[in-house]
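One structure is given here, and the rest of the page talks about it.
Please treat every number below as a calculation from the coordinates, not as lab data. In this text the structure is predicted, and so the values were computed from the model without any measurement. Cβ atoms come from the backbone with ideal geometry, glycine included; neighbour counts cover every protein chain shown.
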């Protein structure tokens with residue numbers, strides 16, 4: 001019975017945490033990120049199991065923020081990075097007067113990652129991935145499901 005209570009409390013916490021804005025790449029970019037993340041996870045599980053434990057995929061491949069300004073001038077996804085147990089694609093969005101960096105978390109390790117963990121090499125031809133179209137929407141996580149509403153498409157205009 002205690003496990004069920006903890007399980008419910010965990011998702012109750014997440015339903016509050018995930019009522020925020022999602023930044024979602026275009027579906028073609030999502031397919032590319034999915035292929036890259038799958039190959040990364042397969043390679044990391046073969047090569048770094050002793051250091052990282054098992055690495056599991058995380059979906060959806062979205063970035064989350066509390067506030068989003070609609071004046072985006074550039075949208076680029078950088079080479080993967082890691083911190084603690086999370087492995088992510090840094091997402092840089094340049095606005096008129098500042099640049100924000102968000103994270104698209106695509107994997108989680110069963111152990112904290114240390115400096116002994118190194119990311120598989122990615123060709124400089126792949127990153128950064130630049131997109132001209134993306135969408136935002138308000139996300140709510142409740143009852144173990146995602147709800148996306150108030151969606152808005154954004155297009156990066158040529159300067």
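Evaluate E = 1/(1 + (r/R0)^6) for residue 135 and residue 114, where r is the Cβ-Cβ distance and R0 equals 30 Å; express this FRET efficiency to the nearest 0.05.
E between residue 135 and residue 114, to the nearest 0.05, is 0.25.
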Stretch gain in nm, segment residue 49-residue 19, where the contour uses 0.36 nm per residue and the Cα spacing is subtracted: 7.4 nm
Förster radius 35 Å - calculated FRET efficiency between residue 38 and residue 69 (Cβ-Cβ, nearest 0.05): 0.60
